[in-house]
Every structure is written in C-alpha cells, then in structure tokens.
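Here is the structure we will look at, set down as structure tokens.
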Amino acid sequence: MLEILIAPETFAALVRSLVPLLLLGLGGLICHRVGVFNVSLEGIMLAGAFGGLAGSVLTGSAIAGVAIAIVSGVIVASPLSFGGIVRGADPIVIGISVNLLVVGLTSFLLFAIFGVRGSLQQPGTDGLDAIRLPLLGDVPWLGSMLSSLTVLGYVAILATVAMQLYLSRTRSGLRLRGVGMKPGAAATLGISPARYQTAAVLVSGVLGGLAGAQLSLGNVVLFTENMSAGRGWIVVVAVLLANGRVLPLVGVLALFAYVDAVGIRLQSFGLPVQFADAAPYLVTLIALVAIAALRRRRGGVALVTA
Amino acid sequence: MRALELSGITKRYPKVVANGGISLAVEQGEIHALIGENGAGKSTLVSILYGFVQPDEGTIVVGGERRSFKDPTDAIAAGLGMVFQNFNLFPELTVAENVVFGAEPGRLGLVDRRAAAAEVGDLAERYGLQVPVGERVEHLPVGVLQRVEILKSLYRDARILILDEPTGVLTPQESEGLFEVMRSLRAAGKSIIFITHKLDEVMAVADRVTVLRDGRVTASLVTAETSPREISRHMTGRDVELSQRLARSAPGAPVLEVEGVTVEVDGRTAVDDVSLSVRAGEIVGIAGVAGNGQDALAAAIGGHHPLRSGRIRIAGTDVDGADNRRRRDLGFTHIPEDRHVTGSAPLGDAVLNLAVGYHRRSPLRERGLLQPKRMVEHAERLIRRFGVRIAGPAVAVGTLSGGNLQKIVVARELGHDAPLLVAEQPTRGVDIGAIESIHGELDEYRARGGAVLLVSSELSEVLNLSDRIAVMFEGRVMAVIPSAEATVPLLGLMMAGVPYETALAEEAASAAEGGTAR
C-alpha cells in the first residue's frame with residue numbers, strides 16, 4: 001500500500017490536480033503582488049468550470065469552451081476590479097458576495113439552459129485530451145506526469161515561468177510590485193495604482209477561467225454544482241503562505257495536490273471517500289499552522305496581518 | 001535667474017483659508033527656507049507645488065514659463081522634485097530600482113538593471129550622495145533613505161528640490177551632512193526650497209527665508225541680514241520668551257525604576273537591557289532618533305507590552321504582570337505619542353475625554369453610576385486650569401487644533417496629580433504657543449514633586465526640560481548624563497551609536513579645533 005506514495009500514477013494524479021490550482025494560484029499571486037486581496041478566486045474558478053463545459057456542449061468545441069471559460073472568469077472578476085478598486089468598495093465583501101452569487105447562478109443556469117440539476121455530463125462532449133509526447137512520454141515517472149498534461153497544463157507551466165520573468169525583469173512588473181508595496185509612492189512617480197490593480201484582477205479572471213476549464217474539460221468532462229469545492233480558498237491561503245512568491249506558491253500547491261492524489265488512490269484500498277476528500281485540506285491546515293508558528297519563532301510577521 | 005515664482009496663491013477650504021495670496025520667488029542656485037508654525041499653510045503650499053492640490057487663485061511660473069499642475073507627473077515634468085517627510089520608497093526594491101522607478105532604463109519593456117545601477121551610481125558620485133546602489137531599501141538608516149529620495153528627484157532632472165522637514169528624523173550630525181549635500185546641490189545650480197520649523201537650521205543653511213503665518217507671508221528676509229528673534233517674531237506675531245525653568249528642589253525618592261529591561265517587538269529586540277530611574281521632582285529626558293526603542297520602552301512601562309526580562313517598579317511596587325489599570329492605580333500617567341489614535345477619542349466630546357480615568361471613583365461615580373453633571377464640571381475645571389481653547393465641553397475633541405487637543409490630553413493626565421508621568425513627544429506637531437504652555441505645565445508638575453520620563457525626538461525640548469538625559473540607540477541606553485553636561489554634538493554622536501567615552505573625546509577634540517559646536 002505504501003508504494004502508492006511514490007507510484008507513477010500518483011504523480012500523474014498530482015499533475016492533474018495541480019494544473020488548475022496553479023493557474024488559479026498565479027491569478028491570486030498577481031493580485032497579491034499588486035496589493036489587492038482577491039477572495040473571489042473560488043467564484044472565478046467555478047464560473048470558468050461552468051462556462052467551459054457549457055461552452056463545449058453548446059458549440060461542440062472544447063477550445064470554444066475554453067474561450068467562454070475565460071470570458072466567464074473575467075466577468076466574475078470584474079466586480080472586484082471595478083467595484084473594489086475604481087469605486088472603492090470593500091474587496092472582501094465583494095469577493096464573498098461574488099462567490100455566493102456564482103454558486104447559485106451556475107446551478108440556476110444549469111437548470112435553465114440544460115434542464116438538469118446537480119450535474120451535467122453529456123456523452124460525446126468535446127474535452128481537452130492529454131497530450132502524449134512521442135519520446136518523453138516513455139520516460140518513467142516524468143513520462144506519466146507529462147502525459148497527463150492537457151494543452152492547459154502546458155499553458156500553466158508557461159504562465160508560471162512567464163509570471164516569474166514578468167515580475168522580476170520587466171518594467172511593467174517592477175511597477176506592479178511597486179504599486180503593491182506602496183501605492184502612494186508609485187502615484188507620486190506618475191504610476192496609476194488603480195490601473196495596475198484593475199488590470200491584475202482582470203488577469204486573475206483570465207487565469208481563473210482557464211483553471212475552471214481545466215477542471216470541467218481536462219480532468220473530467222462534466223460539471224457538477226460547486227465543483228471548485230473550496231480550491232479557490234486553498235489558493236487564497238497558499239498565496240498568503242507563499243507571500244506572493246512564485247516558487248513557494250508552486251511548492252504549497254504541489255503539497256496540496258500530492259495529498260489529494262494520494263487520497264484518491266487510497267480510496268481503492270477502502271479508505272473512506274470523506275477522509276480522502278478532507279485530507280488535502282487537513283494537510284494544508286497543518287502546513288499553515290506550522291509555517292505560521294515557524295515564522296513567529298523566526299520573528300517574522302504573523303500571517304493574519306499579511 | 002528666477003527658478004520659481006509664485007504669485008497670489010490662494011487656497012480656501014470650507015472653514016479656513018489655508019493659503020491667502022502667497023507670493024514667493026526662488027532664484028536659481030539658492031537655498032530658500034520656508035518657515036512657519038504648524039497650520040501656517042506650509043503643507044498646503046507644498047501640495048499645490050507638487051500637483052496634489054489645485055489652487056483657487058494664483059500663478060506658478062517655473063523657469064520663466066507659466067505652469068499648472070494637475071498631478072505630480074506635471075510637477076516632475078516641470079523640473080520640481082519633492083523629498084517628503086515620510087519617505088515614499090519601496091521597501092523591498094533596491095536603491096537603484098527605487099531611484100529609476102517609473103523611468104526605468106531598458107528596451108522592449110525589460111528593465112536594464114545594470115544600466116540602472118550604473119546611472120544611479122554616477123549620479124550619486126557627482127553630488128556626493130553615498131548610497132549602496134544594489135541594496136534593498138528596507139533596512140537602510142533614515143539618513144541614507146533621504147539621500148535616495150534626493151537621488152530620485154535628481155534622476156528626473158529636477159532643477160528645484162523641495163525638502164519637507166528633512167531633519168526631523170536625523171541626528172544633528174546627519175543634519176549637518178544633509179546641509180553639506182544641500183550646499184553642493186546649490187553649487188551645481190539647483191534651487192532648494194527647505195521647509196522647516198527650526199530657526200537654527202534656517203540660519204545655518206538658507207540664503208533667504210520666507211515666513212508664513214495663518215496662510216499668509218509675513219516676511220521675506222535675507223538670512224544674513226536677520227536674526228532668529230526677528231524670524232520668530234514674524235512666525236508668531238509676538239516676542240517669544242523661552243520661559244525660565246522653575247527653581248528645583250533636591251529630587252526625592254525614585255518613583256520609576258527600570259532595571260535591565262529587555263523587550264521584543266515582532267521578534268526583534270526593541271529595548272535591550274535598559275536600566276534607568278526617575279525620582280520625584282525630576283524630569284529625565286530620553287533623546288534619540290525615532291525608532292530606537294523609545295516607544296517600546298514607554299509601552300513596557302505602561303503595561304502594554306510584556307518584558308522578556310528585567311523588572312519595572314512604580315512607586316516602589318514591582319509591576320510585573322500588572323495591567324495598565326493597576327499601574328495607573330499606583331500613580332502612573334501617560335501622554336501617549338499619538339494623540340489622535342491612543343491619546344483621545346476624537347469623536348467624543350471634552351467631557352468624555354477628560355472624564356476617562358476618573359470615572360471609576362467618586363466624585364464622578366457614585367453607587368456605580370456616572371454623575372453627568374459632575375463630569376461636565378470636572379471638564380470645565382480642567383479646561384480652565386490648562387487654558388484649552390474650546391467652544392464648550394460638549395465639543396468633539398477631534399475638531400480641535402493639534403495644540404488644543406494635546407492640551408486636553410495633558411490636562412487629563414496631569415489633572416490626577418499622580419506621582420509619575422511618561423510623556424511621549426508631548427509637543428509634536430503643535431504650535432509655539434501650545435509648546436510654551438505644555439512645557440510650563442511639565443515644569444510646574446516637576447516643581448510640585450512629579451516624576452517625568454520625557455521621550456522626545458526634539459533635542460531642544462529634551463535639553464530645555466530635563467534634569468538628566470538618557471540617550472537611546474538601537475534599544476540600548478548609551479549613557480545617562482546630567483543635562484548640564486549635555487551638548488548637542490555630544491548627544492548627537494551618542495544618538496548615532498558612538499559610545500559615551502568616545503563621544504566625549506571626539507566632542508572635546510572638535511571643540512578644541514573650534515569646530516562643530518554650534
């Protein structure tokens with residue numbers, strides 16, 4: 001049973017679990033770095049998941065579904081973008097309202113458009129297939145991990161590298177970080193904080209939409225109510241834990257994804273479903289407390305104030 | 001040549017005229033001081049110059065060309081550079097990144113970090129502003145941060161630099177260094193507007209001085225042809241006599257004893273093995289640049305922050321573990337650093353603000369109930385006694401001027417006639433009239449036998465009021481010396497971390513050269 005911990009299939013499952021988290025995480029990260037606390041990630045992802053599957057069912061094309069997922073994500077991000085930044089409303093109130101709204105709205109649209117309740121799964125729906133690489137695909141471990149990547153998986157990898165380069169090397173990235181550290185100082189140098197913040201939130205809408213599409217078109221080809229299942233919240237916490245740094249964020253999310261993958265695989269050994277479902281959240285919680293305690297001992301700033 | 005000319009600048013707010021027809025001319029290669037008390041209109045004028053606020057009337061001419069500034073970008077484009085009192089720097093970026101931010105060298109949207117470092121390094125060298133170009137800004141000392149701010153303006157080709165109260169956070173030696181930089185900038189043809197409320201600084205560095213009072217220009221003088229007394233008369237509209245201190249009797253028993261106290265704030269040692277005592281009838285001043293542990297020490301004495309080690313006794317009682325209320329029962333009173341946040345309830349009226357702390361005992365409370373009529377009388381009595389200018393006791397204290405709000409706080413704390421007062425920055429940001437009155441109150445309290453621990457970043461205040469002076473640097477007390485032996489250069493060296501013996505020797509050496517003692 002222990003070999004599950006290192007089995008290639010476990011790592012393949014880790015990758016499938018990680019890709020949507022990573023896409024969403026990058027969206028949360030860019031908001032964190034520009035100084036916006038984005039708690040609407042959960043809603044953005046759920047909207048993306050619904051938009052993706054519904055788009056694919058209605059148009060018959062998974063790529064069109066992805067495009068609709070992006071649009072859905074951006075629409076859900078826009079209340080925070082415009083209401084929160086341009087109009088100055090409380091970002092947490094907006095974020096939570098949006099999350100609640102999206103849960104109800106997707107269920108409603110599910111029934112209004114498709115006449116079903118609970119979940120939508122239609123045989124023959126076009127999904128995003130894993131891309132099997134000719135040579136690399138045969139390398140043990142790495143091969144099985146790579147072979148579970150859809151096109152969005154590669155997008156996620158590219159986006160991670162691009163995000164790191166954007167933040168550290170580009171003019172715009174430097175200014176975005178500056179806005180996040182001290183918006184007033186940026187303003188005195190002629191940089192508009194609101195413009196950067198609005199843009200960053202919209203980018204999180206795009207990335208979150210893609211994350212949702214990976215859930216409903218990549219990992220499986222179906223949509224169920226509340227499909228995001230708290231992943232958005234995990235990402236919110238992970239971004240805080242990583243303090244907006246790309247590599248630590250990948251680490252935290254990979255830990256979550258790994259426990260998720262092991263839990264799923266352990267179900268075949270009779271582990272109760274409820275426990276498998278809860279495990280990744282539990283591990284994240286433990287990691288959260290541990291890291292916070294460690295930081296306190298090292299004299300860092302407590303997490304709550306981050 | 002005129003670098004900058006303001007004429008008839010007027011800005012009205014609903015209740016006050018912040019700037020009433022201000023005219024000002026700054027020549028090229030001139031250091032022009034702008035002096036005035038708090039509320040005289042300096043900050044409004046600066047905000048107008050930097051495009052944060054638009055004037056209702058008046059014109060701004062820069063280098064012979066009429067300008068109007070919608071926002072800071074316009075002001076930067078016109079060649080103005082601003083060094084704010086609170087530094088506007090990005091803590092996690094390097095010095096070079098901070099300087100070039102918003103105008104980064106590079107191509108295709110990428111930042112050329114090497115070019116940025118080189119350009120900033122050249123600029124720093126040209127004007128004698130030493131900065132560690134590649135280091136992150138967050139842990140650099142304030143003197144360096146200020147140089148980074150100046151570099152930011154120079155990098156943007158500023159021809160007119162506006163320095164807003166630049167010496168408030170510096171030791172006397174650092175201020176001297178800043179004046180050197182200002183002189184070298186003047187030599188390079190830059191104009192400097194130097195905003196301050198310290199007369200000796202005006203005399204030391206400025207070519208000309210414009211004095212503001214109540215939003216108007218009351219004088220424009222050539223520094224070499226005037227005197228501090230004349231400037232101060234234009235600032236206040238009357239002759240200011242620094243009041244003589246009351247006669248001092250021999251101090252009594254120790255009221256506050258601090259022994260080997262160490263305090264950690266956010267995992268950092270903020271107060272490091274500090275021992276000192278304050279006796280009845282004595283004022284002990286703590287000198288030091290803000291942020292060297294003074295606030296943490298005061299918080300520890302007040303019971304707001306736990307000690308990691310050491311002990312504190314108030315009136316002979318060990319207060320380990322005692323909360324603020326218990327300490328106040330023992331005779332502790334406190335003028336906190338920030339009168340708006342911790343010193344008062346700004347939305348509450350004077351009755352409420354003055355009753356707090358008296359509300360648990362007779363006569364303000366009888367049989368468990370507050371006595372509103374007596375609370376009003378109590379407030380009126382304190383307002384009269386301490387000369388607070390307020391329309392009536394039912395006025396919300398948040399609407400008062402800084403000086404009057406501070407007087408409310410002082411009245412409440414001193415009204416107890418308790419044996420111990422910890423006064424933190426008791427005159428920060430208040431006008432000269434209120435400073436005089438508060439200093440008088442502290443002195444009288446001392447003469448009545450009160451013990452005062454005075455924390456102040458105004459060195460003149462510490463020197464004028466204290467019987468003994470403790471200098472704090474990075475959480476440690478460098479030395480406690482009688483104020484008769486204290487001089488500005490000696491305190492300044494210790495404020496910069498020079499040990500007492502070394503500082504004493506250095507000061508003696510430079511005095512022998514006929515050097516810096518001023």
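At a glance:
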| item | result |
| --- | --- |
| Output for region A:228-260, where each listed residue is of a type in the set (Gly, Ala, Ser) and open to solvent by less than 10 Å² (accessible area, probe 1.4 Å) | A:Ser228, A:Gly232, A:Ala238, A:Ala242, A:Gly244, A:Ala257 |
| Residue list for region B:372-388, filter: in contact with a Ser or Thr (Cβ under 9 Å, 6 or more places away or on another chain) and not in a helix (DSSP H, G or I) | B:Gly387 |
| Members of region B:77-92 that are over 10 Å from B:Lys152 (Cβ atoms) and within 7 Å of chain A (Cβ to nearest Cβ) | B:Phe90, B:Pro91, B:Glu92 |
| Among the residues listed as B:Gly440, B:Gly403, the single one being outside any loop (DSSP other than H, G, I, E, B), surrounded by fewer than 17 Cβ atoms within 10 Å (Cβ to Cβ) and out of contact with any Cys (no Cβ under 9 Å at 6 or more places or on another chain) | B:Gly440 |
| Within region A:245-271, tally of residues that are touching a Ser or Thr at 6+ places or on another chain (Cβ under 8 Å), at pLDDT below 90 and more than 16 Å from A:Val283 (Cβ to Cβ) | 0 |
| Unique match (being among the charged types (D, E, K, R), assigned to a loop (DSSP other than H, G, I, E, B) and either away from chain A (no Cβ under 14 Å) or open to solvent by 20 Å² or more (accessible area, probe 1.4 Å) (or both)) among B:Asp295, B:Asp320 | B:Asp320 |
| Counted residues, region A:107-125 - those being small (Gly, Ala, Ser), in a helix (DSSP H, G or I) and open to solvent by 40 Å² or more (accessible area, probe 1.4 Å) | 1 |
| Residue within region B:470-482 that is under 20 Å from the mean Cα position of the chain (by Cα) and closer than 28 Å to B:Gly215 by Cα present | no |
| Filter result (out of contact with any Lys or Arg (no Cβ under 9 Å at 6 or more places or on another chain), closer than 13 Å to B:Ile31 by Cα and open to solvent by 40 Å² or more (accessible area, probe 1.4 Å)) within region B:200-223 | B:Met203, B:Arg208 |
| Selected residue (only one of B:Ile60, B:Ile31, B:Ile35, B:Ile22 is more than 14 Å from chain A (Cβ to nearest Cβ), open to solvent by less than 30 Å² (accessible area, probe 1.4 Å) and either farther than 20 Å from B:Asp207 by Cα or modelled with pLDDT under 90 (or both)) | B:Ile60 |
| Helices (runs of 4 or more DSSP H) wholly inside region A:183-294 that include at least 2 residues being in contact (Cβ under 8 Å) with a residue 24 or more places away in the chain and either among the hydroxyl-bearing types (Ser, Thr, Tyr) or touching a His at 6+ places or on another chain (Cβ under 8 Å) (or both) | A:193-213, A:231-241 |
| A:Phe37 vs. criteria surrounded by fewer than 22 Cβ atoms within 10 Å (Cβ to Cβ), at pLDDT below 95, in a helix (DSSP H, G or I) and out of contact with any Asp or Glu (no Cβ under 9 Å at 6 or more places or on another chain) | no |
| From B:Arg114, B:Arg183, residue being within 14 Å of another protein chain (Cβ to nearest Cβ), basic (Lys, Arg) and in a helix (DSSP H, G or I) | B:Arg114 |
| Hits in region B:93-107 - residues which are surrounded by fewer than 16 Cβ atoms within 10 Å (Cβ to Cβ) and either within 9 Å of another protein chain (Cβ to nearest Cβ) or within 28 Å of the chain's Cα centre (by Cα) (or both) | B:Ala103 |
| Which listed residue, of B:Val46, B:Val62, B:Val53, is over 30 Å from the mean Cα position of the chain (by Cα) and among the β-branched types (Val, Ile, Thr) | B:Val62 |
| Extreme residue, farthest from B:Asp295 (Cα to Cα), among residues of region B:258-278 that are surrounded by fewer than 16 Cβ atoms within 10 Å (Cβ to Cβ) and within 14 Å of chain A (Cβ to nearest Cβ) | B:Gly267 |
| Test for B:Ala394: is it open to solvent by less than 30 Å² (accessible area, probe 1.4 Å), of a type in the set (A, V, I, L, M, F, W, C) and assigned by TED's automatic domain parsing to the domain that holds B:Glu441 | no |
| Evaluation of B:Glu176 against (1) outside any loop (DSSP other than H, G, I, E, B); (2) open to solvent by less than 20 Å² (accessible area, probe 1.4 Å) (one fails), failing number | (2) |
| Region B:63-76, subset charged (D, E, K, R) and surrounded by 15 or more Cβ atoms within 10 Å (Cβ to Cβ), residue farthest from the other protein chains (Cβ to nearest Cβ) | B:Arg67 |
| Qualifying positions in region A:126-158 - open to solvent by 20 Å² or more (accessible area, probe 1.4 Å) and part of a helix (DSSP H, G or I) | A:Leu136, A:Asp138, A:Leu142, A:Ser144, A:Met145, A:Leu146, A:Val151, A:Tyr154, A:Val155, A:Ile157, A:Leu158 |
| Per-region count, region A:134-172, residues of a type in the set (Phe, Trp, Tyr) and touching a Pro at 6+ places or on another chain (Cβ under 9 Å) | 1 |
| Residue within region A:166-173 that is open to solvent by 40 Å² or more (accessible area, probe 1.4 Å), in a helix (DSSP H, G or I), at the interface with chain B (Cβ under 10 Å from one of its Cβ atoms) and touching a helix residue (DSSP H, G or I) at 6+ places or on another chain (Cβ under 6 Å) present | yes |
| Filtered residue count, region B:126-159, keeping only those that are open to solvent by 30 Å² or more (accessible area, probe 1.4 Å), modelled with pLDDT of 90 or more and either assigned to a helix (DSSP H, G or I) or hydroxyl-bearing (Ser, Thr, Tyr) (or both) | 2 |
| Sole residue being under 21 Å from B:Ala96 (Cβ atoms) and not hydroxyl-bearing (Ser, Thr, Tyr), chosen from A:Leu136, A:Leu165 | A:Leu165 |
| Where a residue in region B:118-132 is assigned by TED's automatic domain parsing to the domain that holds B:Ser191 and its partner, wherever it lies, is small (Gly, Ala, Ser), with Cβ under 7 Å and at least six apart | B:Val120/B:Ala96; B:Tyr127/B:Ser184; B:Tyr127/B:Ala188; B:Gly128/B:Ser184; B:Gln130/B:Ala124; B:Val131/B:Ala124 |
| Residue match in region B:338-349 (condition: buried (at least 21 other Cβ atoms within 10 Å of the Cβ) and either outside the structural domain of B:Glu474 (by TED's automatic domain parsing) or without any contact (Cβ under 8 Å) to a residue 40 or more places away in the chain (or both)) | no |
| Criterion (within 30 Å of B:Phe87 (Cβ to Cβ), open to solvent by less than 70 Å² (accessible area, probe 1.4 Å), modelled with pLDDT of 85 or more and away from every other protein chain (no Cβ under 14 Å)) met by exactly one of A:Met163, A:Met181 | A:Met163 |
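The values are calculated or read from the model by the stated rules, or taken from the named source; none is laboratory data. Values in this document were obtained by computation on a predicted structure and should not be read as measured data. When we count neighbours, we look across all protein chains shown, and the Cβ atoms used for this are built from the backbone with ideal geometry, even at glycine. Side chains included, ligands, DNA and RNA excluded: accessible areas come from the protein's heavy atoms. Shrake-Rupley method; radii C 1.70, N 1.55, O 1.52, S 1.80 Å.
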